Amino acid sequence: MYEALTPVSEMLSRNLDMLSHQPLLVCGLLEDDLPGLLAEQGPAPRVFTTDFRYFQWLNARKGVKAEFGALPANEPAAGLLLLMPKAKAEAQYLLAACLPLLAPGAPVFIAGDNKGGVKAAPKLLAPWCDQINKVDSARRASLYQAELSRPAPAFAASDWVGRYPLAEENLTVCTLPGVFSADHLDAGTRLLLDNAGALHGRVLDFGCGAGVIGASLLTRNPGIELEQIDINALALEASRLTLTENGLQARVYPSDGLSEVQGRFDCIISNPPFHAGLKTFYSTTETLLREAKGYLRPGGSLLLVANAFLPYPELIEQSFGHCETLAANGRFKIYRAQT
Ligand SMILES: C[S@@+](CC[C@H](N)C(=O)[O-])C[C@H]1O[C@@H](n2cnc3c(N)ncnc32)[C@H](O)[C@@H]1O
């Protein structure tokens, strides 16, 4: 799935001498076997990823140490390579989380697609590095190199938590950088919540993001047994924070689609992902629509919000034999199918 090198890694592959002097802590937008390439050339890198699918893929490989979570393990690192993530706030978060693991003098590299914000590297590193050089540029990608000039302050998790109120439900939603709809409730999610009705039994919040759907359902239906899954560690952490902040309880765990989900549910509810990653070969939502029926109890329902133009009703019909449109506005539709 991640076998072919991205243009960023192709550019990095001609800089392996410089990158292999020390075992690097590698994090950010990892979409290929760059860690394997580094391991072939020099000391094996240590990879920290917030993407559960990538973590599982890398874990199955030999020779690279992979960590999944919202933070890297608190162990010293000899140097850092950040692959520029899509959101600048996430880059700032990853630097704040990783740089305290480095000693002054350690090398810091930032690489990325020129259109993906890598040009911000000098500004991002300026608080900690006095000299930042652009050392290569090819394939529409750039590599910046610096040296940590002074110790970075210890990571303070609370500095990174954003909050917004959900007035109708009297809830506070906690978010973290890069998490979907990090500073407001998505309009599609609002339409879904307004049409979810009363729920009972075991409920799965698929692709929970900051946990807003689950938290809202728990407040309205205190008897439900809620599970929240997401592929992204920062989303899972935000969901846990949202639960704690509002005195709610649920089981929150990583899953790539339904891969880690066990048993059957009375309801699977989702505002599912629709931006396929650059290197995603199948669509998570299409797989969900095909597989959901097998995870529902008799009489159980799949409840979904989607952009009105997406061809989901046909896929739901293929799987369930029917698809009900519960609500629609100019942009979104709410679909329901029952077993
Ligand atoms: C459109 S957002 C919805 C977030 C939240 N439920 C809301 O309504 O604000 C979709 C979520 O699906 C997650 N996601 C993407 N691919 C996934 C996968 N393969 N398995 C599980 N979750 C995934 C994303 O990380 C994101 O948090």
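The values are calculated or read from the model by the stated rules, or taken from the named source; none is laboratory data. Quick caveat: nothing in here was measured; it's all calculated off a predicted structure. No Cβ is skipped: glycine too gets one built from the backbone with ideal geometry, and neighbour counts run over all protein chains shown. Side chains included, ligands, DNA and RNA excluded: accessible areas come from the protein's heavy atoms. Shrake-Rupley method; radii C 1.70, N 1.55, O 1.52, S 1.80 Å.
Quick look at the values:
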read-out	value
Test result for Gly188, within 12 Å of the ligand (Cβ to nearest atom), assigned to a helix (DSSP H, G or I) and surrounded by fewer than 23 Cβ atoms within 10 Å (Cβ to Cβ)	yes
Enumerated helices (runs of 4 or more DSSP H) restricted to region 22-103, each holding at least 1 residues that are among the basic types (Lys, Arg)	52-59, 88-98
Positions within region 66-120 being within 15 Å of the chain's Cα centre (by Cα) and either among the aromatic types (Phe, Trp, Tyr) or on the phi > 0 side of the Ramachandran plot (or both), in sequence order	Phe68, Gly69, Tyr93
Residues that are within 23 Å of Leu101 (Cβ to Cβ), crowded, with 20+ Cβ neighbours inside 10 Å and of a type in the set (A, V, I, L, M, F, W, C), drawn from region 133-149	Leu143, Ala146, Leu148
Residue in region 73-87 that is modelled with pLDDT under 95 and closer than 23 Å to Glu237 by Cβ present	yes
Failed criterion for Gln262 (all others in (1) of a type outside the set (Asp, Glu); (2) within 17 Å of Gly214 (Cα to Cα); (3) modelled with pLDDT of 95 or more hold)	(2)
Residue check, Arg297 modelled with pLDDT of 95 or more and part of a strand (DSSP E or B)	yes
Subset tally (residues that are of a type in the set (A, V, I, L, M) and more than 15 Å from the chain's Cα centre (by Cα)) for region 160-186	6
Search result, residues across region 22-63 that are aliphatic (A, V, I, L, M) and either open to solvent by less than 10 Å² (accessible area, probe 1.4 Å) or touching a Pro at 6+ places or on another chain (Cβ under 7 Å) (or both)	Leu24, Leu25, Val26, Leu29, Leu34, Leu38, Ala39, Ala44, Val47, Leu58
Within region 269-294, considering residues that are aliphatic (A, V, I, L, M) and at pLDDT below 95, the one least open to solvent (accessible area, probe 1.4 Å)	Ala276
Filtered residues of region 116-149 (kept if modelled with pLDDT of 95 or more and in a helix (DSSP H, G or I))	Val118, Lys119, Ala120, Ala121, Pro122, Lys123, Leu124, Leu125
Sole residue being of a type in the set (D, E, K, R), under 12 Å from Leu25 (Cβ atoms) and either in contact (Cβ under 8 Å) with a residue 24 or more places away in the chain or out of contact with any Gly (no Cβ under 8 Å at 6 or more places or on another chain) (or both), chosen from Glu75, Glu90	Glu75
Positions within region 200-209 being within 13 Å of the ligand (Cβ to nearest atom) and open to solvent by 20 Å² or more (accessible area, probe 1.4 Å), in sequence order	Gly207
Residue ID - farthest from the ligand (Cβ to nearest atom), chosen from residues in region 251-268 that are over 21 Å from Thr339 (Cα atoms) and surrounded by fewer than 22 Cβ atoms within 10 Å (Cβ to Cβ)	Arg251
Residue list for region 228-249, restricted to those being assigned to a loop (DSSP other than H, G, I, E, B) and either within 13 Å of the ligand (Cβ to nearest atom) or open to solvent by less than 30 Å² (accessible area, probe 1.4 Å) (or both)	Ile231
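Matching residues to (1) more than 12 Å from the ligand (Cβ to nearest atom); (2) open to solvent by less than 30 Å² (accessible area, probe 1.4 Å); (3) at pLDDT below 95:
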{"position": "Pro151", "(1), (2), (3)": "yes, no, no"}
{"position": "Ala154", "(1), (2), (3)": "yes, no, no"}
{"position": "Phe180", "(1), (2), (3)": "no, no, no"}
{"position": "Ala198", "(1), (2), (3)": "yes, no, no"}
{"position": "Gly211", "(1), (2), (3)": "no, yes, no"}
{"position": "Leu217", "(1), (2), (3)": "no, yes, no"}
{"position": "Leu226", "(1), (2), (3)": "yes, yes, no"}
